[in-house]
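Note sheet for the following structure.
The values are calculated or read from the model by the stated rules, or taken from the named source; none is laboratory data. The model shown is predicted, which means the values in this text are computed figures rather than measured ones. Here the Cβ positions follow ideal geometry from the backbone for every residue, glycine too, while neighbour counts run over all protein chains shown.
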Amino acid sequence: MSGKAILQCKDVTVSFDGFKAVQGMNLSLEASGLRFLIGPNGAGKTTLLDAICGKVKPSGGSILYRDGIDLARRKEHQIAELGIGRKFQAPSIFPTLTVEENLELAMKQKRGILATLRAKLAAAERERLAAQLETVGLAGRQRARAGSLSHGEKQWLEIGMLLLQEPSLLLLDEPAAGMTDRETEKTGELLQEIAKDRAVVVVEHDMEFVRNFASLVTVMHEGRLLMEGTMDQVQADDRVAEVYLGKRREAAC
Amino acid sequence: MTQWMIKTGASRYGLAMWYFLAAALLLAAPLFTSDFRLNLLAKFLAFAIAAVGLDLLWGYTGILSLGHGVFFGLGGYAMAMHLKLQASGGRLPDFMDWSGLTKLPWFWMPFQSFGGAVLLGMAIPAAVALFLGFFTFRNRIRGVYFTILTQALVIISVTLITGQQAFTGGTNGITGYGQILGHSLAAPETKLALYYVTAGVLLATFVLARIVVKSRFGKVLRAIRDGENRVRFLGYDPSRYQMGVFVLSATLSGIAGMLFVLHVGIISPSMMGIVPSIEMVLWVAIGGRGTLIGAALGALLLNGAKSAFSESYPDIWLFFMGALFIVTTVFLPRGIAGLAVDGWRKARRIVRRRKEVPEHERKGYSAV
């Protein structure tokens, strides 16, 4: 499997009323591995994830998934069914449902009306739910309303939901935002673990976090690919330093 | 809210007991009431069916329809058309005669059979809901925009029915029939039987709604209420669920409308207009949306209050109704059912505290 691309973005362009948030971005992902997506504010990182998961439609270029499925032509729920999971910046769980119900809905399953009318939690599914509750540290809270959880717990619940979706490609937008140092550490380890058998893309601003857990880093700037490499290569790169620190401008002054 | 009640309120056994109690009450009601009251109660039970349907849509899925009067009315017309044809005994219904029609319009034909009328009384509201839902939910029209469209549906339907007097009876509606399946509608036995039919349908509706709400389908509905987009990114197509619950809700309103006509003996455009549509929402709001029992009780209590006030204070009863609405919306945002849940919770807390006190005393702690 390894070596074959699960996702190929070619010349992807996304524009909002003429403003091009992403212009001609290229990105290729293998079927497994953790990829960090970094870049200064407004570089188009989140917009790129939005384009992949169908939230926005690209105005140009192509996004091909697996054996050439064109994601630009699919609706969000179809893309999700194809095995692409997405986590947004703010934790988005269903506040009036219990923790358990949140996970139950996320679980990989048939998602048609008739299927959900008849669905019953099988013993095996119950066990998986319990195991997932354990993993994300919410065991014993399964009957609590998700809306009553703390910010960090909500983040974890959402990660648990994403894992139960069993995606082949996971897109995460600042998963560690608002977490304590220990939780951040735990998140990083979890990400490395799950990236062993699926592709994971993480948009992140916390450089410490990226340094600790990144194997491959993609740097975006002004909607384009700036460079791709290991964290050491990226840190040593002059252009990267320039866009982050405005070095040349300072030198020119 | 329902979930909370079930968890703390009672076990499955306890719940069955409540159902049994409700069924027994409904069954025994004819023993204690006059024919007139029983007929009123039957009408209110029909309203309660519509309220439960509306609650599935609004309380559980978060979609506010101010057009359910239309579905109610369509069901009512289906039944009235059948009764009218029966009463006319093979000749043209009287109002068609007056309007100069010489032949029965084609769309009246299927209503000659009782079964056909009942089927269409459910199928037509369902089809209208599916049509409206298809073009709105799939295009992600929601919130107030959807609500406004349902109001437009009301205006269109009322205008259409009023304008096509020759085919629909116009403003007067359809009335002047006395028999159903050969039994006189005015006879006490028929009235009693119709009461039991209505009570039975209400109980069946309740059980059905409960199954829906407790299923995973119901959880998806509540998830849509919480965050439609998130549901989408889990891989569910929210528009299908919205269409599904809208159709179910409209069908229940249609059933309610059919039963209403049997109790009241008339259906007219004014019974499916904007005011009745909004009134239906008020039953649910005041009873407590998001709880099935709240919606049903809301319909019963509000209509009960309406007839009690209007009998005792014929001049100023509307002011009482207005006051009731204001008081409940200001002080009981979750309706009567919400109040009951809070009261129950508080009572339990007090009971628990009482139990704890003696232990403290036994351990030698001061009482204060």
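Taking the condition more than 8 Å from every other protein chain (Cβ to nearest Cβ) and either at negative phi or crowded, with 17+ Cβ neighbours inside 10 Å (or both), does A:E153 pass? In short, yes. From the list B:Y236, B:Y196, the one residue that fits, being surrounded by fewer than 19 Cβ atoms within 10 Å (Cβ to Cβ) and of a type in the set (S, T, Y), is B:Y196. Checking each residue in the stretch A:75-94 for being crowded, with 18+ Cβ neighbours inside 10 Å and not small (G, A, S) picks out A:E76, A:H77, A:I79, A:E81, A:I84, A:R86, A:K87, A:F88, A:P91, A:I93, A:F94. Applying the condition of being at the interface with chain B (Cβ under 7 Å from one of its Cβ atoms) and of a type outside the set (F, W, Y) to the stretch A:89-102 and asking which residue is nearest to A:G137 (Cα to Cα) yields A:E101.
For A:A176, state whether it is in contact with a Pro (Cβ under 7 Å, 6 or more places away or on another chain), more than 9 Å from chain B (Cβ to nearest Cβ) and under 21 Å from A:L48 (Cβ atoms).
Against the criterion (in contact with a Pro (Cβ under 7 Å, 6 or more places away or on another chain), more than 9 Å from chain B (Cβ to nearest Cβ) and under 21 Å from A:L48 (Cβ atoms)), A:A176 does not qualify.
Which of the strands (runs of 3 or more DSSP E) contained wholly in the stretch A:27-88 include at least 3 residues that are within 14 Å of chain B (Cβ to nearest Cβ)?
Working: elements: A:33-38, A:60-65, A:84-87.
Where strands (runs of 3 or more DSSP E) fall fully within the stretch A:27-88 and carry at least 3 residues being within 14 Å of chain B (Cβ to nearest Cβ), they are A:84-87.
Of all residues in the stretch A:204-253, those being at pLDDT 85 or above, among the hydrophobic types (A, V, I, L, M, F, W, C) and in a helix (DSSP H, G or I) number 10. Could you please tell me which pairs satisfy a Cβ distance under 6 Å, a separation of 6+ or placement on different chains, a first residue in the stretch A:153-180 that is under 19 Å from A:N41 (Cβ atoms) and touching a residue at least 12 places away in the same chain (Cβ under 8 Å), and a second residue that is hydroxyl-bearing (S, T, Y) and assigned to a helix (DSSP H, G or I)? Short answer, once both residue conditions are applied: A:D173/A:T46; A:P175/A:T187; A:A176/A:T184; A:A176/A:T187. Looking across the stretch A:93-142, the residues that are charged (D, E, K, R) and either in contact with a Cys (Cβ under 7 Å, 6 or more places away or on another chain) or under 19 Å from B:G227 (Cβ atoms) (or both) come down to A:E100, A:E101, A:E104, A:R111. Can you find even one residue in the stretch B:61-83 that is over 30 Å from B:G227 (Cβ atoms) and modelled with pLDDT under 90? Within the stretch B:61-83 (the criterion being over 30 Å from B:G227 (Cβ atoms) and modelled with pLDDT under 90), the answer is no, since none of the residues qualifies.
Name the residues in the stretch A:106-128 that are in contact (Cβ under 8 Å) with a residue 12 or more places away in the chain, within 13 Å of chain B (Cβ to nearest Cβ) and either aliphatic (A, V, I, L, M) or surrounded by fewer than 19 Cβ atoms within 10 Å (Cβ to Cβ) (or both), would you? Passing the criteria: A:A106, A:M107, A:K108, A:L121, A:E125.
Conditions (1) in contact with a Lys or Arg (Cβ under 6 Å, 6 or more places away or on another chain); (2) within 30 Å of B:S239 (Cβ to Cβ); (3) surrounded by fewer than 17 Cβ atoms within 10 Å (Cβ to Cβ); (4) not β-branched (V, I, T), marked per residue:
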{"residue": "B:L85", "(1), (2), (3), (4)": "no, no, no, yes"}
{"residue": "B:F95", "(1), (2), (3), (4)": "no, no, no, yes"}
{"residue": "B:G100", "(1), (2), (3), (4)": "no, no, yes, yes"}
{"residue": "B:L104", "(1), (2), (3), (4)": "no, no, no, yes"}
{"residue": "B:G115", "(1), (2), (3), (4)": "no, no, yes, yes"}
{"residue": "B:L120", "(1), (2), (3), (4)": "no, yes, no, yes"}
{"residue": "B:N139", "(1), (2), (3), (4)": "no, yes, yes, yes"}
{"residue": "B:I155", "(1), (2), (3), (4)": "no, yes, yes, no"}
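Taking the stretch B:97-126 as the range and being of a type in the set (G, A, S) and within 32 Å of the chain's Cα centre (by Cα) as the test, the residues that pass are B:S113, B:G115, B:G116, B:A117, B:G121, B:A123, B:A126.
Just one residue in the set A:G68, A:G33, A:G44, A:G60 is surrounded by 14 or more Cβ atoms within 10 Å (Cβ to Cβ), without any contact (Cβ under 8 Å) to a residue 60 or more places away in the chain and of a type outside the set (D, E); that residue is A:G60.
Here's the yes/no breakdown for (1) surrounded by fewer than 24 Cβ atoms within 10 Å (Cβ to Cβ); (2) more than 30 Å from A:Q109 (Cβ to Cβ); (3) more than 8 Å from chain A (Cβ to nearest Cβ):
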{"residue": "B:R225", "(1), (2), (3)": "yes, no, no"}
{"residue": "B:N229", "(1), (2), (3)": "yes, no, no"}
{"residue": "B:L248", "(1), (2), (3)": "yes, no, yes"}
{"residue": "B:S253", "(1), (2), (3)": "no, yes, yes"}
{"residue": "B:M258", "(1), (2), (3)": "no, yes, yes"}
{"residue": "B:V264", "(1), (2), (3)": "yes, yes, yes"}
{"residue": "B:I267", "(1), (2), (3)": "no, yes, yes"}
{"residue": "B:S270", "(1), (2), (3)": "yes, yes, yes"}
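Matching residues to (1) among the β-branched types (V, I, T); (2) touching a strand residue (DSSP E or B) at 6+ places or on another chain (Cβ under 8 Å); (3) more than 14 Å from every other protein chain (Cβ to nearest Cβ); (4) closer than 21 Å to B:G257 by Cα:
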| site | (1), (2), (3), (4) |
| --- | --- |
| B:A166 | no, no, yes, no |
| B:G170 | no, no, yes, yes |
| B:H183 | no, no, yes, yes |
| B:V212 | yes, no, no, no |
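The listed residues are B:V197, B:V207, and the only one of them that is under 19 Å from the mean Cα position of the chain (by Cα), away from chain A (no Cβ under 14 Å) and at pLDDT below 95 turns out to be B:V207.
On the basis of being surrounded by fewer than 20 Cβ atoms within 10 Å (Cβ to Cβ), touching a residue at least 24 places away in the same chain (Cβ under 8 Å) and within 14 Å of chain A (Cβ to nearest Cβ), does B:L301 make the cut?
no
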